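Participant: Quick one: the structure is below, and I'll ask about it shortly.
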Amino acid sequence: MSDIEGERVALSAALVVFGATGDLAHRKLYPALASLAGRHQLPRRLALVGVARTEMDDEDFREEVHKAVVQAGKDPAEQQAFENLDVCFRYVAGSFDDPATFDRLATVLHECDEHHGVEGNRLYYLATVPQMFVAVAHGLGTVGLTREKPGTFVRIIIEKPFGHDLQSARELNDKLHEVFDEHQIYRIDHYLAKETVQNILALRFTNSIFEPLWNRRYVDHVQITVAEKLGVEHRGSFYEQAGALRDIVQNHVMQVLALTAMEPPASFHADPIRDEKVKVLRSVRPFDDETLPERVVRGQYTAGVIDGEEVPGYREEEGVSPASKTETFLALEFEIDNWRWAGVPFYVRTGKRLPKRVTEVVLRYKQVPFLPLPRTAIDSVEPNEMVLRIQPDEGIELWFAVKVPGSPFRVRTQKLDFSYSRAFAEQPPEAYERVLFDALAGDPTLFIREDEVEQAWRIVQPLIDAFREGRVPLSFYPAGSWGPREADALLSSDDTWRNP
Ligand SMILES: NC(=O)c1ccc[n+]([C@@H]2O[C@H](COP(=O)([O-])OP(=O)(O)OC[C@H]3O[C@@H](n4cnc5c(N)ncnc54)[C@H](OP(=O)(O)O)[C@@H]3O)[C@@H](O)[C@H]2O)c1
């Protein structure tokens with residue numbers, strides 16, 4: 001990552017938010033700008049340009065942004081730092097499918113260059129509905145706003161979802177490439193911007209003690225859990241189209257899996273890291289029709305109890321069909337066909353309305369070949385485990401057997417626990433702070449390259465087809481449980497999912 005080479009600088013620019021009145025802009029982007037202001041990481045000259053259909057003027061927009069920062073509960077010092085900053089607020093009302101919107105935007109951006117010194121640099125943020133991604137990119141292209149003049153940058157940040165299957169992702173890439181070069185496109189996976197996801201690289205490739213044990217010789221299997229306590233909230237109609245496969249597996253899980261399984265990169269720069277991620281994604285064995293039903297469990301939550309509170313089933317949620325077949329839970333077995341991982345299953349489970357919000361990667365090691373102890377001396381000797389806790393309470397656990405104090409001689413498994421919050425006083429930046437800062441500084445390491453997106457869709461496409469054709473049955477689980485019982489049978493008979 002380029003920040004290992006020292007101070008990076010966010011360059012003066014116009015940040016144009018397409019979808020300036022939307023949920024993402026209000027809850028994440030504007031508060032992230034205030035945090036960056038508090039850390040003195042915003043550029044010297046910044047124009048914030050909002051674009052959406054709702055009518056308002058520049059002053060209304062300025063007020064709306066500041067209100068969003070207050071509502072997000074930002075620290076007063078950060079709010080003040082943001083207020084003090086010399087940001088030029090501009091707003092363009094118009095539809096993304098109306099060419100006149102882009103003419104007006106071109107005039108506004110020209111004025112920002114002239115009067116606010118943003119030097120022709122532009123960062124476009126597509127915080128809008130995915131159906132509008134191409135319309136915005138082409139609207140910008142038509143008025144010449146995608147070209148980088150010498151000494152300036154023009155970048156575009158694209159939110160997920162990046163397509164809804166392999167073909168649509170390829171088409172979207174093609175359409176974007178008609179007006180933007182690949183180096184200008186920053187595709188977000190906000191998981192990658194989490195410090196602990198990046199720490200997988202630091203842990204693996206800057207320590208000598210772990211990497212030798214990070215392979216098929218020692219690792220029995222890997223478990224990746226992305227569990228959410230929440231249901232679909234107000235996103236029912238969106239989730240109906242996505243399900244756990246598109247919402248979590250195709251993007252976040254694939255990224256975590258790639259970082260866990262990839263080979264060492266030539267350097268911690270964007271392309272060497274992304275090259276290795278693509279390489280390992282290419283090695284993920286495709287799901288074939290014959291074995292697919294044995295390697296996949298689909299579930300949907302029914303009514304249940306979470307933290308003592310009764311919650312409705314998925315089919316009773318707002319915006320969800322009462323006969324919905326959308327999965328809110330998936331357990332999957334991936335195989336990676338390469339020298340490091342051949343024969344080591346990567347078990348993934350993700351779901352909504354599970355008992356806990358937790359994301360973690362577990363390397364479960366092989367049992368010792370022989371225990372030179374009588375059974376009476378063994379309280380419990382579980383296989384060694386390395387647990388990378390990604391959220392919450394970010395940290396690393398190492399589980400190993402130790403002698404229980406006193407006599408007679410007995411052993412028991414205990415953990416060595418590293419916690420980020422105990423080790424470091426400073427708060428890591430939120431994912432969206434990191435995303436905005438890196439894009440302004442021109443560091444694409446934590447963004448997804450075209451070939452990565454397509455590889456991830458290649459892996460999940462057979463699942464999309466099988467789910468659509470009803471070839472994987474839907475099981476049910478009560479909200480507040482760890483998913484359908486069938487998920488336990490995915491693991492080999494002497495293994496269990498780790499209880500986080
Ligand atoms: N919300 C989140 O937490 C979240 C998290 C991760 C990813 N995302 C992704 O972020 C993107 C935005 O999500 P969101 O939740 O913010 O959606 P949203 O609340 O529905 O906002 C959509 C925005 O786009 C504008 N818009 C829609 N159609 C338009 C058109 N034809 N012309 C001009 N403006 C138009 C809307 O403004 P007007 O109605 O004023 O035109 C609004 O500002 C999506 O791709 C979503 O998947 C969101």
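The values are calculated or read from the model by the stated rules, or taken from the named source; none is laboratory data. Just so it is clear, the model here is predicted, and its values are computed rather than measured. Here the Cβ positions follow ideal geometry from the backbone for every residue, glycine too, while neighbour counts run over all protein chains shown. Just the protein is used for accessible areas: all its heavy atoms, side chains included, with ligands, DNA and RNA removed. Shrake-Rupley method; radii C 1.70, N 1.55, O 1.52, S 1.80 Å.
Participant: State, to one decimal in nm, how far the label point of E182 lies from the label point of I209, with both points 7 Å from Cα in the Cβ direction.
Facilitator: Modelled inter-label distance: 4.0 nm.
Participant: Considering only protein heavy atoms and a 1.4 Å probe, what is the carbon-and-sulfur percentage of the accessible area of the chain?
Facilitator: Roughly 51 percent of what the probe reaches on the chain is carbon or sulfur.
Participant: Can you compute the helix-only [θ] at 222 nm over the chain? Use -39500 (n - 2.57) per DSSP H run of at least 4 residues, normalise by all residues, nearest 500 deg cm²/dmol.
Facilitator: It lands at -9500 deg cm²/dmol.
Participant: Based on the Cα gyration tensor of the chain, what are the three equivalent ellipsoid semi-axes, each the root of five times an eigenvalue, rounded to whole Å and given largest first?
Facilitator: The equivalent ellipsoid of the chain has semi-axes of 42, 26, 23 Å.
Participant: Let me ask you something else. Grab every C-alpha pair in the stretch 2-159, bin the distances at 5 angstrom width from 0 up to the longest one, and report whole percents.
Facilitator: 2, 9, 18, 23, 22, 15, 8, 3, 0
Participant: For helix 99-116, what angle does its Cα long axis make with the longest principal axis of the chain, in degrees from 0 to 90 and rounded to 10?
Facilitator: 80 degrees
Participant: Just to confirm my numbers, what's the Cα centroid distance between the stretch 370-428 and the stretch 339-356 in Å?
Facilitator: Using only Cα atoms to place each centre, the spacing works out to 21 Å.
Participant: Are there any trypsin sites (Lys or Arg not before Pro) in the stretch 122-225 that are in a DSSP loop and have at most 14 other Cβ atoms within 10 Å? List them by number.
Facilitator: R147, R217
Participant: Something else: Taking a quarter of the surface of the convex hull around the Cα atoms of the stretch 83-230, what do you get in nm²?
Facilitator: For the stretch 83-230, averaging the hull's shadow over all directions gives 14.6 nm².
Participant: Using all C-alpha to C-alpha distances in the stretch 383-433, build P(r) with 5 Å bins and read off the rounded percent in each one.
Facilitator: In order of increasing distance, the bins hold 5, 17, 18, 18, 13, 10, 8, 5, 3, 2, 1 percent.
Participant: Quick one: what does P(r) look like for the stretch 301-377 with 10 Å bins over all Cα pairs, in whole %?
Facilitator: 13, 28, 23, 21, 12, 3
Participant: How far is helix 431-441 tilted, in degrees, relative to the longest principal axis of the Cα atoms in the chain, given as a value from 0 to 90 rounded to the nearest 10?
Facilitator: Rounded to the nearest ten degrees, it is 50.
Participant: To continue, here is another question. For the stretch 242-312 and the stretch 433-500, what is the centre-to-centre distance using only Cα atoms, to the nearest Å?
Facilitator: The stretch 242-312 and the stretch 433-500 have Cα centres separated by 3 Å.
Participant: May I pose another question? Modelling each spin label as a point 7 Å along the Cα-to-Cβ direction, I'd like the Q414/R485 distance in nm, to one decimal.
Facilitator: 3.7 nm
Participant: Moving to a separate point now. Going toward the positive end of the dipole of the chain, with +1 on Lys and Arg Cβ and -1 on Asp and Glu Cβ, which of F409, S283, V87 do you reach last?
Facilitator: F409
Participant: Then there is this: How much length is gained on full extension from F400 to A425, taking 0.36 nm per residue of separation minus their Cα-Cα distance?
Facilitator: Full-extension gain reported as 6.2 nm.
Participant: With +1 on each Lys and Arg Cβ and -1 on each Asp and Glu Cβ, how big is the dipole of the stretch 2-159 about its Cα centre, in debye rounded to the nearest 20?
Facilitator: Dipole size: approximately 360 debye.
Participant: Past the 28 Å Cα-Cα mark, which pairs from K279/K415; K28/K229; K229/K279; K67/K356?
Facilitator: K279/K415; K229/K279; K67/K356
Participant: Sticking with this structure for a sec: At 0.36 nm per residue, and after removing the present C-alpha to C-alpha distance, how many nm does the segment from M56 to R375 gain when stretched out fully?
Facilitator: So the chain would gain 107.3 nm between M56 and R375.
Participant: How large is the accessible surface per residue of the chain, computed with a 1.4 Å probe and reported in Å² as a whole number?
Facilitator: 45 Å²
Participant: Taking the Kirkwood radius as the inverse of the mean 1/r across Cα pairs, report the Rg/Rh of the stretch 171-312.
Facilitator: Ratio of gyration radius to Kirkwood radius: 1.01.
Participant: Please state, to two decimals, what the Cα-based radius of gyration of the stretch 393-500 comes to when divided by 2.2 N^0.38 Å (N = residues).
Facilitator: Taking N as the residue count of the stretch 393-500, the ratio is 1.69.
Participant: Turning to a different aspect of this structure: Treat every Asp and Glu Cβ in the chain as -1 and every Lys and Arg Cβ as +1, leave all other atoms uncharged, and give the resulting dipole magnitude about the Cα centre to the nearest 20 debye.
Facilitator: The dipole magnitude comes to about 1640 debye.
Participant: What whole-number distance in Å separates the alpha-carbon centres of the stretch 182-226 and the stretch 93-149?
Facilitator: 36 Å
Participant: Could you derive backbone 3J(HN,Hα) for the stretch 140-145 from the dihedral phi with the Karplus parameters 6.51, -1.76 and 1.60 (θ = phi - 60°), listing whole Hz in sequence and x where the residue is Gly or Pro?
Facilitator: 5, x, 4, 9, x, 8
Participant: Then there is this: Could you work out how far helix 166-177 tilts from the main Cα principal axis of the chain, as a 0 to 90 degree angle to the nearest 10?
Facilitator: 30 degrees
Participant: Can you give the extra length, in nm with one decimal, that the chain gains between R471 and K279 once fully stretched, where that is 0.36 nm per residue apart less the Cα-Cα distance?
Facilitator: 66.2 nm
Participant: For a quick check of your reading of the filter: which chymotrypsin sites (Phe, Trp or Tyr not before Pro) in the stretch 303-376 sit in a DSSP loop and have no more than 16 other Cβ atoms within 10 Å?
Facilitator: W339, F370
Participant: Any idea how far apart H269 and A202 come out in nm if each label point goes 7 Å out from Cα toward Cβ?
Facilitator: Going from the H269 label point to the A202 one covers 2.2 nm.
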